[in-house]
1. Using the Karplus curve 6.51 cos²θ - 1.76 cosθ + 1.60 with θ = phi - 60°, what ³J(HN,Hα) values do you get for each residue of region 48-54, in whole Hz, with x for Gly and Pro?
2. Which of the peptides 123-131, 13-21 is most tightly packed, and how do the rest follow, going by the mean number of other Cβ atoms within 10 Å of each residue?
3. Before rounding to the nearest 500, sum -39500 (n - 2.57) across all DSSP H runs of length at least 4 in the chain and divide by the residue total; then give [θ] at 222 nm in deg cm²/dmol.
4. Across region 245-260, in residue order, what do the Karplus-derived ³J(HN,Hα) couplings come to in whole Hz, using 6.51 cos²θ - 1.76 cosθ + 1.60 with θ = phi - 60° and x for Gly and Pro?
5. Any chance you could check the Cα centroid distance between region 69-123 and region 138-179 for me, in angstrom?
6. So what is the accessible area of the chain per residue, in Å², with the probe set to 1.4 Å?
7. Just to be sure I understand the curve: with the Debye formula and one point per C-alpha of the chain, what is log10 I(q)/I(0) at q = 0.06 Å⁻¹?
8. Which distance in nm do the two modelled labels at I359 and L340 give, with both placed 7 Å along the Cα-to-Cβ direction?
Amino acid sequence: MGDGAALREEVRSWLAAEWRDDRPRREFVDAVIDAGYAVPSWPRQWFGLGLTLDDSRVVGEEFARVGAPGARQDVHNLWANTLLAYGTDALKTKLIRPLLRSEVSMCLLYSEPGAGSDLAGLQTRAVRDGNEFVVNGQKVWTSGAASAEYGMLIARTDWDVPKHKGISFFFMPMRQPGVEVRPLKQITGEAHFNEVFLTDVRVPEENLLGELNDGWRVLQTALAYERSVMGDQARGPSAGANHEVDLWALARSVGRDDDPVIRQSIARVHTLRLVNRWNAARAKAALQQGSSSPILSLGKLAMSRILHEGAHVQRLILGAEAMLHGPDNPRADAANFLSLNAYFTSIGGGTDQIQRNIIGERVLGLPREPDVDRDVPFRQVRKA
Ligand SMILES: Cc1cc2nc3c(=O)[nH]c(=O)nc-3n(C[C@H](O)[C@H](O)[C@H](O)COP(=O)(O)OP(=O)(O)OC[C@H]3O[C@@H](n4cnc5c(N)ncnc54)[C@H](O)[C@@H]3O)c2cc1C
């Protein structure tokens, strides 16, 4: 395909024939899936074209050029990518297309009251009962649980092996008796995440991803996709808004564009954004189907710093106005939202400190953190 010129031409002609702003979104996304452009680097058997990730990027660039939806899901669709890498054929047949059409809502059932950064300490259990698993336990900080149809669940299936080894990974149906979701209010005033209580919840065995007791491996892939997504995008003050507030335009609008401290602060945020974009491109190149790249931790950590610094500079520019709050003061309101919401990226998907540990150990090759429980059967580990 050379530099991708022929492919680019092909995608352009396809878009010229198929894409119109007023075309119903669902119908268009169906056409994108059928053409293989939703997941170009995936195998043909599963809606792909078997292209390289570089060629897939060409497809994505052409879609972005005309503002058409549905492409690049081989990089951005956490759920579908995890399912493709580890799911049973039965589950893939049932769910991949609906996931690519964004018609199945999902959540992540990982964290527990005693297992966040040390996720391998989780105590939710899944016990086989015929051709099903029965799940009991509690999850917490589960974003989107109230509306989710499935949760990607990690649960303990063997208590007699060390903590990382007895965990399994499931697509758990959420809409059934025994799943109780209670919302938690965030510092921003929203309530996107929840506590989830699980009592005798049933999961069919075909919803097991990877081998029984090998869920830690599946989790690494899912976390890598999550960090990749969080490393190059973050939420703004309203749905769909970009966090990359134009700090320069804001400084001009309040007459502070000649303040040397503000100019320097804006330049620093700009540099961080630019370098992170380059890093994201490098990490994406390293991310192959079914494997994880520790370089993604750099991107997630960088995005966390960019969001905190960007919000700080926004408040610096606004000065005393930043103390105001509420819809009567939209500029200050947006700046304050971004300040508070920056913690989303520095905690969710693994905290900044944990990303630094990963970078230290897996990118820089530093010695591992001491972990006294690592080789002890989980049943004998002191529990939180
Ligand atoms: C907005 C948001 C959305 C979330 N969505 C989900 C979700 O959908 N599903 C889900 O399962 N979870 C979700 N989480 C939970 C998130 O993954 C956990 O909060 C996170 O992993 C940290 O765990 P913890 O809160 O138990 O903190 P802890 O693990 O108790 O950590 C407390 C502090 O100690 C530090 N620390 C802990 N261990 C180490 C170490 N080894 N080295 C250095 N420092 C350490 C941490 O960095 C942190 O500052 C979400 C969190 C947020 C903020």
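The values are calculated or read from the model by the stated rules, or taken from the named source; none is laboratory data. The structure presented is a predicted model; accordingly, all values stated were derived computationally and were not measured. Note: ideal-geometry Cβ built from the backbone for every residue, glycine included; neighbour counts use all protein chains shown. Surface accessibility is based on the protein's heavy atoms, side chains included, excluding ligands, DNA and RNA. Shrake-Rupley method; radii C 1.70, N 1.55, O 1.52, S 1.80 Å.
1. Calculated HN-Hα couplings, in order: x, 10, x, 7, 6, 5, 5 Hz.
2. 123-131, 13-21
3. Using -39500 (n - 2.57) per qualifying helix, the result is -14000 deg cm²/dmol.
4. Computed from phi, the couplings for region 245-260 are 4, 6, 5, 5, 4, 5, 4, 5, 5, 9, x, 10, 6, 9, 7, x Hz.
5. 12 Å
6. Here the per-residue accessible area is 49 Å².
7. Ignoring solvent entirely, the Cα scatterers give -0.26.
8. 2.8 nm
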